[in-house]
Amino acid sequence: MAITKRGLVLGAAALTVSTAAIAGTGLHFFKGQALLQSDDSKQQVADADKDTSLQPMSMLSLQSFFNQSPKELVDEVWQIIDRTYVDGTFNQVDWKKVRNEYLKRPYKSNDEAYKAIREMVKKIGDPYTRFMDPQEFRNMKIDTSGELTGVGIQLAADEKTKKLTVIAPIEDSPAFTAGILSKDIILKIDGKSTEGMDVNKAVTLIRGPVGTPVKLTILRGTNQIDYAIKRARIEIHAVKSSEVQSPQGKIGYIRLVQFSANAPTDMQKAIKKLEDQQVAGYILDLRGNPGGLLYTSVDIARMWLSKGTIVSTKSRTGEQDREQANGRSLTNKPLVVLVDGGSASASEILSGALQDNRRAALIGTKTFGKGLVQSVRQVGKDSGLAVTIAKYYTPNERDINKNGITPDVEVKLTEAQGKALVANRDKVGTLEDPQFAKAVEVLGERIQAFRNQAPRAETKR
């Protein structure tokens, strides 16, 4: 299945495996007939694969789309969750009783409805199922060209503690440069406590005009630290590649920082360029990659895998979809993948597929552990709703949600080593990067084994 563009779906559901909102813009990617909309209201319609996993918008919703009462909006949100939520017990919540409770209330304005909807959705206890008011929904809808405005932090609410947690700072962003790290807990935003705060609310507070400051108070271990960060425009290049010399000859180093819509094209170009340079093997770096577009991960997996399952998703009624390799891999040369605690969601789909199919060895530390799929749709005139509709599994049926993926070879960075790499980005992907150095060693062994297994050409007589 060739995937071209993915974006927001008007009146229909859409799939996302993005871990979190981004404090600078919200990044969520999914499939369907796509409406791509950037912050400056540029729009483009792109044909994509039809999502048959969810029911289309009801006639009532279509009729009331542009003229909906606050109570109707509350009921629309309830209906969507009722039809599609991954757990048919709604996490042991009497969902019909909840509907009766909230439809009995009078609503004088949309703002009152928004507040009630947040209360209602919160009862399920799922941080990834969330309502977005018009401002938050606009924040989430971005141009997938890879340009963000803000500080560059991927955020999620920890499923156990509910605390706002940094998945990873975007490379070369203001947050990254300031020293924000994966797993940092954000306690305050400009002095305002984040206790019980919705992720989208936090993103709205952290966003702001380019050049303006925001103060984040974070908890790292037992240490509380204040960071004053200046907002900026952040340009993200999804794929970075280079040729590296090793004892086994030339190897290709590819760093994938985000599963954006243009990542498959960039990845294809990178692999073909390195193949032309006759590299002996590859290191694919997924460290700090928080995920993004579900089907981008499938497309990229197919560039490395010639056969086998890539990922399966299961809704509350059973298996929903299974993606397979299509025999069109771009290379069969040895591969090693770098992962860490900031590798999440789509990164875990890709690394899990490569590990389970014995295509690659994973080096680094355990991944984040987000194995849930959300549908994202517009509700009412200009609000949005993300609902967890499925769980995804690796080819060996591993449920990585909350568990993560354990690397084949664990290499932990000390705090000093991590800070050194943040301060000296030129050292990432070099032998001064301990995880990369181990990857080179393991890749060398795989290259030698690959050469020993290669059929020898017959001697001409």
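Tally time: how many residues in the stretch 74-92 are of a type in the set (Phe, Trp, Tyr), touching a residue at least 60 places away in the same chain (Cβ under 8 Å) and part of a helix (DSSP H, G or I)? Steps first, answer last, please.
Restricting attention to the stretch 74-92, the residues satisfying the condition of being of a type in the set (Phe, Trp, Tyr) are 78, 85, 90.
Narrowing further to those that are touching a residue at least 60 places away in the same chain (Cβ under 8 Å): 85.
Imposing the further condition that a residue be part of a helix (DSSP H, G or I) reduces the set to none.
Residues in the stretch 74-92 being of a type in the set (Phe, Trp, Tyr), touching a residue at least 60 places away in the same chain (Cβ under 8 Å) and part of a helix (DSSP H, G or I): 0 in total.
Over 29 Å from THR84 (Cβ atoms), at pLDDT 95 or above and either outside any helix (DSSP H, G or I) or not assigned by TED's automatic domain parsing to the domain that holds LEU155 (or both): is that true of SER351 in this structure? Please lay out each step first, then the result.
Working: over 29 Å from THR84 (Cβ atoms): no; at pLDDT 95 or above: yes; either outside any helix (DSSP H, G or I) or not assigned by TED's automatic domain parsing to the domain that holds LEU155 (or both): yes.
Taking the combined requirement at face value, the residue does not satisfy it.
Taking the listed residues VAL409, VAL373, the one that is of a type in the set (Val, Ile, Thr), in contact with a Lys or Arg (Cβ under 8 Å, 6 or more places away or on another chain) and at pLDDT below 90 is VAL373, with no other qualifying.
Just one of the numbered conditions (1) surrounded by 14 or more Cβ atoms within 10 Å (Cβ to Cβ); (2) not in a strand (DSSP E or B) is not true of ALA449: (1). Checked against (1) of a type in the set (A, V, I, L, M, F, W, C); (2) in contact with a Gly (Cβ under 9 Å, 6 or more places away or on another chain); (3) touching a residue at least 24 places away in the same chain (Cβ under 8 Å), ALA423 passes all but condition (3).
Restricting attention to the stretch 113-140, the residues being surrounded by fewer than 20 Cβ atoms within 10 Å (Cβ to Cβ), under 21 Å from LEU372 (Cβ atoms) and at pLDDT below 80 number 0.
Regarding the stretch 286-301, can at least one residue be identified that is among the aliphatic types (A, V, I, L, M) and part of a strand (DSSP E or B)?
no
In the stretch 370-417, which residue that is assigned to a loop (DSSP other than H, G, I, E, B) and charged (D, E, K, R) is farthest from the chain's Cα centre (by Cα)?
Keep residues of the stretch 370-417 that are assigned to a loop (DSSP other than H, G, I, E, B), which gives 370-371, 380-382, 394-398, 400-408, 411-414.
Then drop every residue that is not charged (D, E, K, R), which leaves 370, 381-382, 397-398, 402, 408, 412.
Numbers: LYS370: 9, LYS381: 27, ASP382: 24, GLU397: 20, ARG398: 18, LYS402: 15, ASP408: 22, LYS412: 23 Å.
Once the filter is applied, the top-ranked residue is LYS381.
Each residue in the stretch 97-118 was checked for being assigned to a loop (DSSP other than H, G, I, E, B) and small (Gly, Ala, Ser), and 1 of them qualify. Among the residues of the stretch 184-216, write down those that are surrounded by 12 or more Cβ atoms within 10 Å (Cβ to Cβ) and part of a loop (DSSP other than H, G, I, E, B). The answer is ASP184, ASP190, THR194, MET197, ASP198, ARG207, GLY208. Counting just the residues of the stretch 141-156 that are within 13 Å of the chain's Cα centre (by Cα) and aliphatic (A, V, I, L, M), which one comes out modelled with the lowest pLDDT? Only one residue fits best here, namely ALA156. All of ILE234, ILE271 fail the test of being crowded, with 20+ Cβ neighbours inside 10 Å and not in a helix (DSSP H, G or I), apart from ILE234.
Scanning the stretch 154-173 for residues that are of a type in the set (A, V, I, L, M) and assigned to a strand (DSSP E or B) gives LEU155, ALA156, ALA157, LEU164, VAL166, ILE167, ALA168. From the residues in the stretch 249-268 that are surrounded by fewer than 20 Cβ atoms within 10 Å (Cβ to Cβ) and in contact (Cβ under 8 Å) with a residue 40 or more places away in the chain, which one is nearest to the chain's Cα centre (by Cα)? Checking each candidate, the answer is ASN262. Can you pull out the residues in the stretch 312-346 that are among the charged types (D, E, K, R) and surrounded by fewer than 23 Cβ atoms within 10 Å (Cβ to Cβ)? Once the filter is applied, which keeps residues that are among the charged types (D, E, K, R) and surrounded by fewer than 23 Cβ atoms within 10 Å (Cβ to Cβ), the stretch 312-346 yields LYS314, ARG316, GLU319, ASP321, ARG322, GLU323, ARG328, LYS333.
The values are calculated or read from the model by the stated rules, or taken from the named source; none is laboratory data. Being a predicted model, the structure only gives us computed values, none of them experimental. With ideal geometry, Cβ positions are generated from the backbone for all residues, glycine too; neighbour counts draw on all protein chains shown.
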